[in-house]
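As structure tokens, the structure follows; a few thoughts come after it.
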Amino acid sequence: GFGDDILRGGAGADMLNASSGADLMYGGDGDDDLNGGDGADQMFGDAGNDTFLAGAGADLMSGGDGDDRMDGGDGDDVITGEGGNDRLIGGAGADLMDGGDGIDTADYSAGGAVGIDMITNTTSGAATGDSLVSIENLIGSAFDDVLAGNSEDNTLTGGAGGDTLIGQSGFDTADYSASTGAVTVQFNSTLANPTAAGTGLGGDAQGDTLILIERLVGSAFADTFLGGELGDTFVGGGGADVLTGNGGVDTAEYSTSSAGVTITLDPVAMTLGIGGDAEGDQLTGIENVIGSAYADLLRGGAGANRLDGGAGDDTLAGGADADRLIGGAGTDTADYSASASAVGVALFASDDPNLVTTGSGGDAQGDQLSGIENLIGSAFNDTLQGSAVANRLEGGIGNDLLRG
């Protein structure tokens, strides 16, 4: 009704709808929808991924466990995400948004231009008066925003408009995955001037300025990413993307691909990706690769490469030099069939990337392997040793020593 109501959900997915008045709402366990309406409401979730929507009024929201979406509406709201990876929307008014535990996002996409500095906790524009606590990620408006992170690993999504994205300290990401057109981003950072501003063109990147950003997430279209002299990470996404590392140790990441990828690196020449989000990608000056959750084939070049298969049954071939081969989850294979001399590798039974075994001889010399279950040797006299789990050891031709 229109008075001050008390609404309680139970276990399961509940929908609680209040009207005007100062309402008290308890979602309980399950994925609940709590609609407070106007008035100064108090809304409490619990375990589960809950959705909160308030109207006008100074509301109090507490998400509980789970990945919650919390929209305070108009008024000076206090929104606390608590556990889980929550999305907090303050709406109009001077709001306190506390993400709590997890990787939490303050979302300003529905309003006007905002200015936010999470180190100094200063806000301007449509965010004026807001206070952000335990927030890791920011989503800006469709206008010209200034989004500055903190000491955490932040993801900054400027949206449309000519935005300024400042990572500050931490390993920070500029996210263009929602762009409705292809983007071009060029990093201009150098060893002498790591804070030199990068620039954006096209789609949501048009007019953007990027400072102290280490990682780029592209759109579903054909994006172009040009790195600086520092180590950059590129997530091209869908589309035939151009990923150019320039200086530094650069990474092509395919962790969001919906299918396995095949990548062959070269220290100088451009190479083409195959499969999943890598299909048609052009990679130049890329040293490291992060694969998908599926069965990937990742080949290194003549230099030192880091190949991380992720989940899935991956095949990793580092090539020459001292490479880092990380199998991750799944049944993964280190392939030395192209080595020009014999190799020696003894496996260690663990998916922990910090627990490694070191190879010797040929292309295995100096390689560090973790999360690898299977080995393929060279055409020479290899020594291959398995671990405490089930292994497949293929010596190839040559007089090999295989120990299970």
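Just one of Ala269, Ala259 is touching a helix residue (DSSP H, G or I) at 6+ places or on another chain (Cβ under 7 Å) and farther than 15 Å from Ile372 by Cα; which is it? Working first, answer last.
Details: Ala269 fails: touching a helix residue (DSSP H, G or I) at 6+ places or on another chain (Cβ under 7 Å).
After ruling out the rest, the residue left standing is Ala259.
Any idea which residue in the stretch 140-154 is farthest from the chain's Cα centre (by Cα), counting only those that are within 24 Å of Phe221 (Cβ to Cβ) and surrounded by 24 or more Cβ atoms within 10 Å (Cβ to Cβ)?
The extreme case among them is Asp145.
Name the single residue, out of those in the stretch 264-279 being of a type in the set (A, V, I, L, M) and not in a loop (DSSP other than H, G, I, E, B), that is surrounded by the most Cβ atoms within 10 Å (Cβ to Cβ). Give the derivation first.
Looking only at the stretch 264-279, we keep the residues that are of a type in the set (A, V, I, L, M), and these are 265, 268-270, 272, 274, 278.
From what is left, the residues that are not in a loop (DSSP other than H, G, I, E, B) are 272, 274, 278.
Details: Leu272: 14, Ile274: 15, Ala278: 26.
Out of the qualifying residues, it is Ala278.
Could you look through the stretch 52-64, keep only residues that are small (Gly, Ala, Ser) and in a loop (DSSP other than H, G, I, E, B), and pick out the one that is surrounded by the fewest Cβ atoms within 10 Å (Cβ to Cβ)?
We begin by selecting, within the stretch 52-64, every residue small (Gly, Ala, Ser); these are 54-58, 62-64.
Next cut, in a loop (DSSP other than H, G, I, E, B) only: 55-58, 63-64.
Values: Gly55: 20, Ala56: 16, Gly57: 23, Ala58: 18, Gly63: 32, Gly64: 23.
In this case the residue turns out to be Ala56.
Between a residue in the stretch 389-403 that is in the same structural domain as Asp314 (by TED's automatic domain parsing) and any residue that is in a loop (DSSP other than H, G, I, E, B) and among the aromatic types (Phe, Trp, Tyr), which pairs come within a Cβ distance under 8 Å, given they are 6 or more apart or on different chains?
Taking only residues 6 or more apart or on different chains, the pairs are Gly398/Phe380.
Can you find even one residue in the stretch 343-360 that is farther than 26 Å from Tyr294 by Cα, out of contact with any helix residue (DSSP H, G or I) (no Cβ under 9 Å at 6 or more places or on another chain) and without any contact (Cβ under 8 Å) to a residue 60 or more places away in the chain? Step through it out loud before you land on a result.
Of the stretch 343-360, the ones farther than 26 Å from Tyr294 by Cα are 343-344, 360.
Checking the rest, the ones that are also out of contact with any helix residue (DSSP H, G or I) (no Cβ under 9 Å at 6 or more places or on another chain) come to 360.
Checking which are without any contact (Cβ under 8 Å) to a residue 60 or more places away in the chain leaves us with 360.
Checked against the condition, which is being farther than 26 Å from Tyr294 by Cα, out of contact with any helix residue (DSSP H, G or I) (no Cβ under 9 Å at 6 or more places or on another chain) and without any contact (Cβ under 8 Å) to a residue 60 or more places away in the chain, the stretch 343-360 yields at least one hit.
Restricting the stretch 236-256 to residues that are of a type outside the set (A, V, I, L, M, F, W, C) and assigned to a strand (DSSP E or B), which is nearest to Ala196 (Cα to Cα)?
Here is the first cut: in the stretch 236-256, the residues of a type outside the set (A, V, I, L, M, F, W, C) are 236-239, 241, 244-248, 250-251, 253-256.
From what's left, assigned to a strand (DSSP E or B): 244, 251, 253.
Details: Thr244: 18, Thr251: 20, Glu253: 24 Å.
Selected residue: Thr244.
Surrounded by fewer than 22 Cβ atoms within 10 Å (Cβ to Cβ), of a type in the set (S, T, N, Q) and under 23 Å from Asp144 (Cα atoms): which single residue out of Thr190, Thr184 fits that description? Step through it out loud before you land on a result.
Working: Thr190 fails: under 23 Å from Asp144 (Cα atoms).
Of Thr190, Thr184, the one residue that is surrounded by fewer than 22 Cβ atoms within 10 Å (Cβ to Cβ), of a type in the set (S, T, N, Q) and under 23 Å from Asp144 (Cα atoms) is Thr184.
Take Gly140 and tell me if it is among the small types (Gly, Ala, Ser), more than 17 Å from Gly228 (Cβ to Cβ) and in contact with a Phe, Trp or Tyr (Cβ under 9 Å, 6 or more places away or on another chain). Break it down stepwise before answering.
Details: among the small types (Gly, Ala, Ser): yes; more than 17 Å from Gly228 (Cβ to Cβ): yes; in contact with a Phe, Trp or Tyr (Cβ under 9 Å, 6 or more places away or on another chain): yes.
When the stated conditions are applied, Gly140 passes them.
All but one of (1) in contact (Cβ under 8 Å) with a residue 24 or more places away in the chain; (2) surrounded by 24 or more Cβ atoms within 10 Å (Cβ to Cβ) hold for Leu307, so report the exception by its number.
(1)
Filter the stretch 106-122 down to the residues that are under 15 Å from Gly167 (Cα atoms) and crowded, with 20+ Cβ neighbours inside 10 Å and list them by number.
Within the stretch 106-122, the subset under 15 Å from Gly167 (Cα atoms) is 115-121.
Across the stretch 106-122, the qualifying residues are Ile116, Met118.
Within the stretch 113-121, does at least one residue satisfy the condition of being free of Cβ contacts under 8 Å to residues at least 24 places away in the same chain and assigned by TED's automatic domain parsing to the domain that holds Ser177? I'd like the intermediate steps shown before the answer.
As a first pass, look at the stretch 113-121 and keep what is free of Cβ contacts under 8 Å to residues at least 24 places away in the same chain: 120-121.
Next, from what is left, pick out any that are assigned by TED's automatic domain parsing to the domain that holds Ser177: 120-121.
Within the stretch 113-121, one or more residues are free of Cβ contacts under 8 Å to residues at least 24 places away in the same chain and assigned by TED's automatic domain parsing to the domain that holds Ser177.
Of the residues Asn35, Asn49, which single one is assigned to a strand (DSSP E or B) and crowded, with 18+ Cβ neighbours inside 10 Å? Even if it seems obvious, please write down each step before you answer.
On the way: Asn49 fails: assigned to a strand (DSSP E or B).
The conditions single out Asn35.
Please go through the stretch 216-235 and pick out each residue that is outside any strand (DSSP E or B) and in contact with a Phe, Trp or Tyr (Cβ under 7 Å, 6 or more places away or on another chain). Let's see the steps before the verdict.
If we filter the stretch 216-235 for residues that are outside any strand (DSSP E or B), which is where we start, we get 218-223, 227-232.
Gly218, Ser219, Gly227, Gly228, Asp232 - these are the residues of the stretch 216-235 that are outside any strand (DSSP E or B) and in contact with a Phe, Trp or Tyr (Cβ under 7 Å, 6 or more places away or on another chain).
Go through (1) out of contact with any strand residue (DSSP E or B) (no Cβ under 7 Å at 6 or more places or on another chain); (2) touching a residue at least 60 places away in the same chain (Cβ under 8 Å) and name the single condition Ser177 misses.
Among (1) out of contact with any strand residue (DSSP E or B) (no Cβ under 7 Å at 6 or more places or on another chain); (2) touching a residue at least 60 places away in the same chain (Cβ under 8 Å), the lone unmet condition for Ser177 is (1).
Out of the residues in the stretch 361-382 that are closer than 13 Å to Ser339 by Cβ and of a type in the set (S, T, N, Q), which is farthest from the chain's Cα centre (by Cα)?
Per the stated criteria, the residue is Asn381.
Looking at (1) modelled with pLDDT of 95 or more; (2) surrounded by 16 or more Cβ atoms within 10 Å (Cβ to Cβ), can you tell me which one Gln168 breaks?
So the condition that Gln168 fails would be (1).
The values are calculated or read from the model by the stated rules, or taken from the named source; none is laboratory data. Everything quoted here is computed from the prediction, not taken from an experiment. Note: ideal-geometry Cβ built from the backbone for every residue, glycine included; neighbour counts use all protein chains shown.
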